[in-house]
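In what follows, a single structure is set out as structure tokens and then discussed.
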């Protein structure tokens, strides 16, 4: 017995890349802000120490203030534990969440 396969071409809806391109543009901003934070952390042991100390003391407000003091424009959410710092930078287009950039940095061997 031979099976026959009937091919039915799919109908795809047309695409509108407008929101997608705006999301990509916002992601570029997030990456730029991430670069600013990473530059500051990598070039200033004093700043890195302040962030680590505030995190160790569970002083979320201080961690947030330190990260914002770098001059970034994005919304940043910091999470931390004894081994790492997790940063989530996010943005929206027309009040709709569009993109999140997550950075995980270990600070302990």
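Only one entry in 30, 38, 86, 67 is closer than 30 Å to residue 107 by Cβ and out of contact with any strand residue (DSSP E or B) (no Cβ under 6 Å at 6 or more places or on another chain), namely 38. Any chance segment 2-12 includes a residue that's touching a strand residue (DSSP E or B) at 6+ places or on another chain (Cβ under 9 Å) and surrounded by fewer than 14 Cβ atoms within 10 Å (Cβ to Cβ)? No - not one qualifying residue is present in segment 2-12.
Any read-out appearing in this document is the output of simple, stated calculations on the displayed coordinates, not a laboratory observation. Note that the coordinates shown come from a computational prediction; the quantities given were computed from them, not determined experimentally. Glycine gets a Cβ as well: all are built from the backbone with ideal geometry, and neighbour counts include every protein chain shown.
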